Amino acid sequence: MWTFRRSAPTIIDTTKEERVTIDISLLLPFENTLLVFKDTVNIFFEDYVYLPLVNILYWTLFFVPPSYYPKLPYTFEEEIISTTPRVIFIRSKHDKQKICLKLWQRYDEKVFKAGLVTRRADYLLEGFEFNRRFAPGVYLGITPVKLSKDPRKILRGKLIENPDQTKLRKGVEYALVMKRLPGVWRLDRQLCQNIGTAEGMKFLAKEVACMHKKLEKSLLGKGKPECIASKLALNRQLFEEALRSLPSDHFTDNYIENYRWIGNVMDRACNIYTPYFKQRYENGHIKRCHGDLKATNLWIRPKKRNGEELQELIALDCVDFNPDFCHIDTLSDVAMLAIDIETLLTDLSDKSPGMRFGQKLAEHFLYTYLEKAKERSEAAWSLLEYYMTEKSMVCAYVSILYDNLPEQGKRYLDVARNHAQKLENTLKQAEKRSKVTRPLAASHSR
C-alpha cells in the first residue's frame, strides 16, 4: 500500500512486492480536516515510476480550483424526497461523520411551472447565510454534486465552506452540506413529549419571538398590499386546482363544495385589511423571515450554560427559492408554525386520551408570542386569522398536488375551513362596526 499526506507529499513503502496495487488516497479539505478518497484510483506500475507519478498527481490536485475538483461517489444511507428539496444522507469519507446533502430536484418541474420556485445562485447563497445564522454549527458549506448512474450513489466535489458568487459556476448543481442531527430533536417528535404542553408552547413562543427580533427588515418592497393580493391570487388558483384533483372515489362533489367558499372569504379579507397591510409595511414589520416555520424544520437542541442544562430552538431549511415567500410579515411567518402545531396536536389528541386539544395549545402559543414580540396592535389577531387561513390553504394544496398525500391534505383543509369561519366572523363584526361609525361620523360633520 502507498499513501501520502497533503502537508508533506512523501511516499511510505509498506510492501516489497515486485508488482503492487497502489491505492492512492486523494486528500480533500473538509471542515479544516482531510477527506480521504479511498478505493478511487488503483493502478499498476513498476517500482521506479511510483514516486514521480504520485508527486505529479499530488501537486496537480493541490492547485485544482474547488469548482473543478474531482467528484467522489457517496453511497446513500437514506434519502427524503419532498416537494422541492431532496435530502440525501451520507457519511464523511474522513471520519465517517453523518452528514446530509440538500439539493433541488430537477426531475419534477411542476412546482417551477406553477411559479412557486425559482432557481438562482444568489437565492441559494442568501438562504445559506440565513440558515447558518439561525442554526449555528449545522451548515458546513456548499458543494458541487452530480447524480451518479447508480441510483444509490451521488458524486460530490470539494466543500466550499464560505461560498460566494465568485466560487460558483454556471451549469453546475450545488447542494447544501449539513450535519445530521438526532431525529429525536425535531419538533414534530418533541410535540409528542414535553413540548406538547402549555409550558412547551411558552418556550416555543419565546424562542420564535427572539428569532424575529434578530431579523433584518426587508428592502425589496415586498409585503405591500398589492404583493399580498398577488400572492393570494396564486395560492387561491393552486388551492382550487387541488380541490379539483381530489379523487372522486374518496371525496364527493358535495364534500369538496364545503371548501370552495374559503377563497371568497380570503378575497374579502384581503380587500378589507388593505389598510392593515399598509400600516404593517410602513411600521417595518416586513422582514426577511424563515418563510417555512414548520415542525419538521425546527429542532430543539440541548445546550449548557454555566453548567445548567438548557434547550434552544434552531431553524433549518429556510425558504431560499422565492423572495415573495420569505420577505413577509412576521405574523405571516409565525402563522405557519401555529397551523402546524394545531394540525399535529389535533392528530395526536385523537390517538392519546388526555392530550390537550391542538387548537387551544396553538392559541396559547400565539398569545404568548404576541406578548413576547410586543405585538399590541388591534389588527394583530385579525391578521393572524387571515394568515393562518392562507397557510392552511398552502399546506393543503402542497400535500395534494405535489406530495401526493390527499389524506394529509384533507386535515389541512379542515384546519383552513375552521380558520376561514373565524375570519368570516371577524369580517362581519368589522362590517357592523363600520356601519355604526359611519352615521356617527356623518352627524359630527354636520
### Task
Pairs only if they're at least six apart or on different chains, beta carbon under 7 angstrom, first in the stretch 197-214 and farther than 19 Å from S332 by Cα and modelled with pLDDT of 95 or more, second surrounded by fewer than 19 Cβ atoms within 10 Å (Cβ to Cβ) and of a type in the set (A, V, I, L, M); list them, first residue then second.
none
### Task
Considering only the stretch 173-202, state which residues are out of contact with any helix residue (DSSP H, G or I) (no Cβ under 9 Å at 6 or more places or on another chain), under 24 Å from L103 (Cβ atoms) and not in a loop (DSSP other than H, G, I, E, B).
A175, V177, K179, W185
## Note on the structure
Of F130, F112, F134, the only residue that is under 30 Å from N235 (Cβ atoms), modelled with pLDDT under 85, outside the structural domain of E375 (by TED's automatic domain parsing) and buried (at least 16 other Cβ atoms within 10 Å of the Cβ) is F112
### Message
Given the condition in contact with a Gly (Cβ under 8 Å, 6 or more places away or on another chain) and surrounded by fewer than 17 Cβ atoms within 10 Å (Cβ to Cβ), answer yes or no: does some residue in the stretch 210-231 qualify?
### Response
yes
### Query
Looking at the stretch 319-327, is at least one residue touching a Leu at 6+ places or on another chain (Cβ under 8 Å), part of a strand (DSSP E or B) and in contact (Cβ under 8 Å) with a residue 60 or more places away in the chain?
yes
### Query
Going through the stretch 183-205 one residue at a time, which ones are in contact with a Ser or Thr (Cβ under 7 Å, 6 or more places away or on another chain) and of a type outside the set (G, A, S)?
R186, D188, M201, K202
### Message
Condition (residue is in a helix (DSSP H, G or I) and either surrounded by 19 or more Cβ atoms within 10 Å (Cβ to Cβ) or not β-branched (V, I, T) (or both)) applied to the stretch 158-172: is it met by at least one residue?
### Response
yes
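The values are calculated or read from the model by the stated rules, or taken from the named source; none is laboratory data. Keep in mind that what you see is a predicted model, and the values were worked out from it rather than measured. Positions of Cβ are backbone-derived with ideal geometry, glycine not excepted, and every protein chain shown enters the neighbour counts.
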